[in-house]
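Reading through the structure tokens given below for one structure.
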Amino acid sequence: MSIADRPRQLNHVDPTQAMTNQLQSAHQLLNHDFCPWANRWVYWMKQPLSVIGLLLLTCVLCGWYVNQVAFGFAGIVLTLSLLGIVWPWVTMQGVDCHLEFDRTRSRVDQPVKIRIHLRNRWPFPVWGLELKKGFTVDQDDPNGIALACLWGWSQKEIHWHFQPQQRGEFPRHIPSLETGFPFGLIGCHKVVQFNHKLLVWPKINAMKGIPETLNQSVPDDRFSDRQVGDSGDLLGTRDFRMGDSLRRVHWGQTARKGRLIVTERQAAVGTMLRVIPDFTQQAHNVTDDFSTLEIMIETLASIVTLLHNQHQYVECLIEHKWYYAGKSDHEFRQLMDALARLPKMGLTLSRTPSLKLSGSGISQIRLLTSKNESIRHATHVSDLIISADNTEDVWRQFSLQWKRLCHAA
């Protein structure tokens with residue numbers, strides 16, 4: 001590189017990056033709070049009624065000391081102010097709103113259809129209707145869902161597809177129907193009725209493989225007389241169904257009945273996987289951008305869903321209560337409901353209770369974070385550690401741990 005080329009390279013600056021830096025500097029300058037001590041004295045100016053009150057006082061003073069014509073302007077301002085305050089309250093007295101979910105349970109990022117029934121009992125129309133609260137994390141979030149105009153003596157049904165971004169119960173707060181028409185001076189609201197709450201389950205991530213310990217046969221393997229399977233003693237016979245194996249055809253009964261008859265045998269009682277997660281507040285880093293608690297909940301939900309789909313038995317300890325998920329969909333829903341209702345900041349328990357393996361054929365997995373990685377029990381336990389700075393790294397590391405667990409001898 002020649003010396004003559006150095007200044008040219010040093011002076012080369014990306015114009016887009018330079019413009020971005022200038023805009024960021026201007027944004028910081030315009031939004032900088034130079035007088036934070038004066039906020040308590042000037043924040044009242046954000047309220048439109050305060051400005052109108054100041055204008056009304058100015059008109060009255062000008063009419064008293066300068067010219068009486070200003071009293072006319074004061075009357076106009078006062079009339080418009082009263083109209084902007086009274087009209088929203090009057091219109092909301094004749095509006096009824098009812099909200100219905102099309103289901104009781106959903107999953108994160110899974111759209112839910114909501115029907116909003118509106119009714120106007122007054123003869124005049126209502127504009128500027130918004131559905132607020134209940135569907136956002138912050139109760140004071142000013143954003144809402146804009147609804148169409150509701151004409152006088154009319155009813156309307158609006159369909160809205162709500163896509164929850166977080167687990168939990170919705171609506172989080174009691175929703176309200178608000179309007180500030182015509183001037184937006186104040187917002188009058190009315191409580192919205194709804195049929196039932198929507199419980200949003202955690203997000204499920206795709207997982208493959210089952211720990212080999214689940215497939216190992218144990219000496220005291222038992223069979224169930226209530227469940228039909230492919231092993232154990234003969235329970236009886238039934239008609240052939242599409243998908244049955246030809247090996248199960250009972251040819252003697254088939255020849256006697258003139259149609260295909262298959263045998264039914266007992267089902268083996270599956271082995272059980274015990275999962276013990278640590279949901280305590282001390283073990284997790286919870287921020288607005290990243291939460292190891294949410295990652296652990298999604299991890300447990302993914303494990304339970306995978307094993308439930310494979311007809312395996314899972315037991316999980318959540319807040320000193322055991323939840324079992326096997327072939328029963330009801331038990332699976334109970335476990336997922338418990339995960340959905342966990343507090344956002346974690347449990348306040350001092351520690352996760354230490355348990356020993358009980359019974360043969362039970363494998364145990366603990367879900368831990370980097371804060372309690374050093375806590376180990378003197379038992380044959382497989383620990384899955386959740387430790388990373390972002391979600392992608394967490395799932396990359398967890399996938400490796402899960403594959404290593406599935407291929408362990």
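The values are calculated or read from the model by the stated rules, or taken from the named source; none is laboratory data. Here the structure is a predicted model, which is why all the values come from computation and not from measurement. All Cβ positions, glycine included, derive from the backbone under ideal geometry; neighbour counts span all protein chains shown. We work out accessible area using only protein heavy atoms, side chains counted, and drop any ligands, DNA or RNA first. Shrake-Rupley method; radii C 1.70, N 1.55, O 1.52, S 1.80 Å.
Some notes on this structure:
- Residues (touching a Cys at 6+ places or on another chain (Cβ under 8 Å), assigned to a strand (DSSP E or B) and either in contact (Cβ under 8 Å) with a residue 60 or more places away in the chain or open to solvent by less than 30 Å² (accessible area, probe 1.4 Å) (or both)) located in the range 112-130: I116, L118, V126
- Contact map, the range 150-175: residues that are farther than 21 Å from H189 by Cα and basic (K, R) paired with residues that are open to solvent by less than 20 Å² (accessible area, probe 1.4 Å) and part of a strand (DSSP E or B), Cβ distance under 7 Å, separation 6+ or inter-chain. Pairs shown: R167/V200.
- Hits in the range 193-212 (condition: over 27 Å from G134 (Cα atoms), open to solvent by 60 Å² or more (accessible area, probe 1.4 Å) and either assigned to a loop (DSSP other than H, G, I, E, B) or free of Cβ contacts under 8 Å to residues at least 40 places away in the same chain (or both)): A206, K208
- I158 vs. criteria β-branched (V, I, T) and modelled with pLDDT under 90: no
- Residue ID - modelled with the lowest pLDDT, chosen from residues in the range 319-360 that are basic (K, R) and within 18 Å of M272 (Cβ to Cβ): K356
- Filtered by the rule that a residue be under 30 Å from V108 (Cβ atoms), touching a Cys at 6+ places or on another chain (Cβ under 8 Å) and open to solvent by less than 30 Å² (accessible area, probe 1.4 Å), the range 151-192 gives L177, V192.
- Hits in the range 82-103 - residues which are within 16 Å of the chain's Cα centre (by Cα) and open to solvent by less than 70 Å² (accessible area, probe 1.4 Å): F101
- Note on the range 281-317: residues that are under 22 Å from the mean Cα position of the chain (by Cα), crowded, with 19+ Cβ neighbours inside 10 Å and part of a strand (DSSP E or B) total 1.
- Matching residues, the range 34-70, being in contact with a helix residue (DSSP H, G or I) (Cβ under 7 Å, 6 or more places away or on another chain) and either surrounded by 12 or more Cβ atoms within 10 Å (Cβ to Cβ) or in contact (Cβ under 8 Å) with a residue 60 or more places away in the chain (or both): W44, S50, V51, I52, L55, L56, C59, V60, C62, G63, A70
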